[in-house]
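**Q** Sharing a structure with you now.
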There are 2 protein chains.
Amino acid sequence: MSDQTALEEKPEDETEDDYALRDRVVNAAVEAARAGERAQLEEVFEPLHPADIADLLEQVEIDDRNAILKLAGDYIDGEILSEIDEDIRDSVIEALEPEVLAGAVRELESDDVVDLIEGLDTEQQGAIIEVLDVVDRIAVEQALSYPEYSAGRLMQREVVIAPEHWNVGDAIDHMRAQDDLPEQFYHIILVDPRHRPTSYVTLGRLMSSRREVKLSDITEESFRTFDVTEDEGDVAYAFNQYHLISAPVVDEEGRLVGIITIDDAMAILDEEHEEDVLRLGGVGDESLSNSTLEIVKRRFPWLAVNLATAILASLVISIFEDVLAAVVALAVLMPIVASMGGNAGTQSMTVAVRSIATRDLTAANAFRVIRREAGAGLLNGFIFAVVMGIVGLVWFGQPMIGVVIAVAMVINLLAAGLAGVLIPIVLDRFKIDPALASGTFVTTVTDVVGFFAFLGLASMVLL
Amino acid sequence: MSDQTALEEKPEDETEDDYALRDRVVNAAVEAARAGERAQLEEVFEPLHPADIADLLEQVEIDDRNAILKLAGDYIDGEILSEIDEDIRDSVIEALEPEVLAGAVRELESDDVVDLIEGLDTEQQGAIIEVLDVVDRIAVEQALSYPEYSAGRLMQREVVIAPEHWNVGDAIDHMRAQDDLPEQFYHIILVDPRHRPTSYVTLGRLMSSRREVKLSDITEESFRTFDVTEDEGDVAYAFNQYHLISAPVVDEEGRLVGIITIDDAMAILDEEHEEDVLRLGGVGDESLSNSTLEIVKRRFPWLAVNLATAILASLVISIFEDVLAAVVALAVLMPIVASMGGNAGTQSMTVAVRSIATRDLTAANAFRVIRREAGAGLLNGFIFAVVMGIVGLVWFGQPMIGVVIAVAMVINLLAAGLAGVLIPIVLDRFKIDPALASGTFVTTVTDVVGFFAFLGLASMVLL
């Protein structure tokens with residue numbers, strides 16, 4: 001019982017550790033589930049936000065998760081379900097009783113149902129769509145007909161509209177007469193007679209304007225619409241760039257079909273960042289919920305590609321076996337040149353990949369950025385050349401080794417700067433995600449150039 | 001003139017290329033500025049959003065930027081100014097005429113003024129605060145008294161409040177009688193007699209409820225408050241985790257001092273991600289606007305640390321000079337072991353750092369994650385051991401070289417998996433940002449373990 005007490009003691013405290021589900025809570029839930037104590041489990045869940053219960057289910061071992069679901073499956077409502085990570089969602093859904101699942105799904109808005117089921121297989125999708133009432137079913141099937149990751153998947157269909165000629169009084173009376181307004185809305189969208197959105201008015205502005213003011217006189221400048229097929233990443237970018245709160249979605253004819261709100265755009269922005277970070281780290285798509293076997297399967301291809309490039313670098317080294325056999329100091333020093341190149345290349349690449357993602361690196365300034373990276377590579381190259389020249393000389397007592405490593409350092413850091421910025425730009429031109437593939441290419445360049453320059457120079461100078 | 005025409009042709013088109021400021025537009029602005037054609041420059045700016053004009057100023061060369069500001073400095077309003085990247089903000093502000101700057105600043109809300117000036121030096125700050133009217137000046141000085149990166153800096157002070165006992169009609173009448181409602185607001189905050197926020201009601205819910213309904217009966221469950229000193233990163237996390245639209249900020253006594261809205265939280269989420277990505281890439285804090293010298297200065301420390309660890313790895317290699325001199329094949333193959341370890345370590349580390357940032361990796365599941373990484377490291381180690389064993393045997397015709405590289409591969413991938421997850425966890429415990437420092441430690445481990453295992457085994461088996 002001490003766990004619950006500890007929890008209740010500081011419900012308002014918002015320090016970092018409170019966001020993380022403290023292990024106390026997780027352990028209390030696991031203990032209750034293992035002991036089959038339903039009341040105790042409910043007591044643990046009671047003060048938690050649905051998003052935190054979902055996190056808890058993600059953090060426990062598979063067996064414990066199943067025990068929790070078996071004991072308190074009917075506690076899982078639509079909100080918890082839609083918060084659960086996609087990687088374990090199908091197994092959670094499978095563990096729920098059909099009528100519990102149906103109840104959970106029915107309480108969701110149609111856009112949340114779409115979000116819930118779009119990652120599931122067709123069979124599970126069908127089973128869930130079946131339990132919806134007709135209106136929701138049509139809405140969900142309509143949404144699923146739009147491309148994956150499109151504005152059409154992201155939008156909600158419930159919107160509040162007004163003809164352009166209305167005044168504030170008309171709008172207020174109209175809204176107050178309706179009894180099925182959306183749960184969350186921030187704007188009234190003005191539409192022309194063909195149902196095409198032309199501008200919008202915020203509720204706050206409406207509240208502070210006199211009844212006779214025309215809606216068209218208090219519209220917001222920030223108004224912009226999205227195509228129903230537009231990529232959700234671009235939508236999220238535009239929300240952040242232009243400070244949008246909500247934006248109408250239109251079909252090919254420009255007619256209003258739904259609305260996207262900033263909370264959904266924020267979630268997408270977060271997902272896109274997550275994807276970028278993981279791809280830059282050579283991981284692709286994985287989460288903590290994945291099993292050992294799953295992560296081995298997901299990481300293997302990246303390591304295999306790396307092995308191929310590492311072997312390529314070794315082939316370069318093998319060209320210079322003679323000089324390596326003659327001067328063993330070269331074998332000791334050569335990883336330094338490659339390592340510095342790899343690091344400098346990763347620096348340039350990280351900046352370039354990020355700048356492409358934030359649309360800051362464009363054709364307009366590409367040349368300036370390339371020149372800057374080359375300059376920085378050269379400059380850092382000279383600095384570290386001096387340092388390493390001295391290290392090489394002092395360590396091995398041979399001035400020429402110092403010279404060789406110094407020159408190789410300059411060459412490789414220049415190559416690193418150029419490769420780091422050029423490779424992402426070229427990949428982006430070919431519509432390949434720079435975050436996905438740049439790393440391998442950049443380190444291949446710096447390894448090959450580094451070993452080739454260092455050992456090549458050495459064989460010219462020292463043999 | 002063709003540039004402007006091309007722009008106007010597709011003002012509604014929302015493809016990816018339209019978000020990026022196309023070079024046409026940038027070039028047109030630069031040409032106009034160089035030619036001193038003010039009308040032409042205005043024509044380029046006219047259709048652009050303030051955020052895009054700010055991007056344009058960031059993307060041009062320094063000389064061109066100054067030419068643009070000289071020609072059309074008075075075009076720069078508060079909105080453009082507050083969108084400009086912090087790295088060039090001070091130089092832009094310096095280039096503006098004092099009265100232009102004063103005009104731009106006066107039109108901003110107090111929270112935007114804070115955001116604008118918090119990165120500036122004291123002198124520039126003072127000059128800007130001076131031009132504000134008394135009310136705004138007090139608000140800005142109050143905000144600056146809160147810690148940097150705190151909720152107090154992020155919040156706006158304009159809030160709409162209501163006593164808890166009011167009904168819907170009271171609230172609507174009250175709002176409609178006011179003439180200084182905030183420009184953007186989404187909730188009415190209920191406060192107790194001591195001015196402490198207790199819950200809130202959305203404007204949409206207010207519109208759809210009958211006049212006699214009590215406000216306290218239609219409050220939102222999502223309500224939560226932030227401490228004025230709370231870290232802005234934690235605020236952004238909470239907005240995303242709990243789907244908040246706005247949240248009151250309270251002082252030590254729990255009294256309402258302001259409100260944070262989701263658009264500001266989204267901007268912070270974006271900045272935090274940016275910081276994480278750059279730190280993971282070993283760059284720290286930099287933007288495309290930085291000059292060559294500035295980026296050399298910022299990247300140098302990271303490269304210097306890397307040099308130190310690379311020399312450490314070389315020292316390990318130098319222990320085994322004898323075996324390297326005897327079997328030159330080892331020098332050819334040894335970078336492969338280190339490279340695979342480095343990659344596998346980066347994979348584990350990326351997942352761990354991200355999971356710590358998203359509060360998914362906690363004390364509750366740390367042991368499971370460590371076990372999983374060790375398992376994945378071993379499994380991938382065995383797979384690549386077999387592959388490299390064969391490669392080594394075929395390439396150099398010596399079975400024992402194949403065995404040595406195979407065993408070293410297993411050892412190093414296990415080390416990589418463990419270091420990749422343990423190092424971020426330990427750094428986080430010591431309150432050091434894992435994104436900042438993990439990379440160096442992880443590659444040091446994989447380099448040292450890789451070379452030591454490979455060459456150590458070789459000297460036992462082959463000498």
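Quick note: the coordinates plus some simple rules give every number you see, no bench work behind them. A quick note: this is a predicted structure, and the numbers were derived from the prediction, not measured. Here the Cβ positions follow ideal geometry from the backbone for every residue, glycine too, while neighbour counts run over all protein chains shown.
**Q** Testing the spin-label approximation: label points 7 Å from Cα along Cα→Cβ at B:Glu183 and A:Met460. State their distance in nm.
**A** Taking the two extended label points, one gets 6.2 nm.
**Q** Among B:Thr261, B:Thr122, A:Thr440, what is the fewest-to-most ranking by other Cβ atoms within 10 Å?
**A** By the 10 Å Cβ count, ascending: B:Thr122, A:Thr440, B:Thr261.
**Q** Which distances in nm, rounded to one decimal and ordered from shortest, link the label point of B:Arg137 to the equivalent label points in the other identical copies, with labels set 7 Å from Cα toward Cβ?
**A** Nearest first, the other copies' label points are 6.8 nm away.
**Q** Is there a quick way to get the dipole size of segment B:17-67? I mean about its Cα centre, with the Cβ of Lys and Arg at +1 and of Asp and Glu at -1; what is the value in debye to the nearest 20?
**A** I would put it at about 120 debye.
**Q** At what distance in angstrom do the alpha carbon centres of segment A:48-89 and segment B:109-172 lie from each other?
**A** Going from one Cα centre to the other spans 40 Å.
**Q** Here is a further query. What angle, in degrees between 0 and 90 and rounded to the nearest 10, separates the Cα long axis of helix B:232-242 from the longest principal axis of the Cα atoms of chain B?
**A** So the inclination is approximately 90 degrees.
**Q** Oh, and also: If you average the sequence gap of Cα pairs under 8 Å that are 6 or more apart and divide by the length of chain B, what percent do you get for the contact order?
**A** 10 percent
**Q** Rounded to the nearest 0.05, what FRET efficiency do B:Arg210 and A:Arg211 have when you use their Cβ-Cβ distance and R0 = 25 Å?
**A** Plugging the Cβ-Cβ distance into 1/(1 + (r/R0)^6) gives 0.85.
**Q** How far is it, in nm, from the label point at B:Arg255 to the one at A:Asp77 when both lie 7 Å from their Cα along the line to the Cβ?
**A** Those two pseudo-labels are separated by 3.6 nm.
**Q** Then there's this: If one computes P(r) from the Cα atoms of the protein assembly as shown, what percent of pairs lie at distances over 40 Å?
**A** Looking at the protein assembly as shown, the distances longer than 40 Å represent 46 percent of pairs.
**Q** Helix B:292-319 versus the longest principal axis of chain B: what angle, 0 to 90°, nearest 10, using Cα atoms?
**A** 20 degrees
**Q** Continuing with the same structure: What does the copy distance list look like for A:Ala325, label position 7 Å along Cα→Cβ, in nm and ordered from shortest?
**A** 1.5
**Q** With +1 on each Lys and Arg Cβ and -1 on each Asp and Glu Cβ, how big is the dipole of segment A:161-248 about its Cα centre, in debye rounded to the nearest 20?
**A** 420 debye
**Q** A follow-up question, please. Give me the distance in nm between label points sitting 7 Å out from Cα along the Cα-to-Cβ direction at B:Ala363 and A:Phe430, one decimal.
**A** So the label points at B:Ala363 and A:Phe430 sit 5.0 nm apart.
**Q** Every other copy gets compared here: list the nm distances from the B:Asp217 label point (7 Å along Cα to Cβ) to its counterparts, shortest first, one decimal.
**A** So the distances to the same position in the other copies read 3.7 nm.
**Q** Additional query: FRET efficiency for A:Glu86 and B:Ile138, Cβ-Cβ distance as r, R0 = 60 Å, nearest 0.05?
**A** 0.80
**Q** Putting +1 on Lys and Arg Cβ atoms and -1 on Asp and Glu Cβ atoms, find which of A:Leu256, A:Leu393, A:Leu132 reaches farthest to the positive end of the dipole of chain A.
**A** The residue sitting farthest along the positive end of the dipole is A:Leu393.
**Q** For a Förster distance of 60 Å, can you work out the FRET efficiency between the beta-carbons of A:Glu61 and B:Arg34, rounded to the nearest 0.05?
**A** Between A:Glu61 and B:Arg34 the formula returns 0.35.
**Q** When a/c reaches 1.5 or more, the comparison of a/b and b/c decides; with that in mind, is segment B:318-463 rounded, prolate or oblate per its Cα gyration tensor?
**A** The shape class here is prolate.
**Q** Could you give the dipole magnitude of the protein assembly as shown about its Cα centre, charging the beta-carbon of Lys and Arg +1 and that of Asp and Glu -1, in debye to the nearest 20?
**A** Charge dipole of the protein assembly as shown: 4580 debye, to the nearest 20.
**Q** Next question. Just how far, in whole angstrom, is segment A:369-433 from segment A:288-352 if you go by their alpha carbon centroids?
**A** Value for the Cα centre distance between the two parts: 16 Å.
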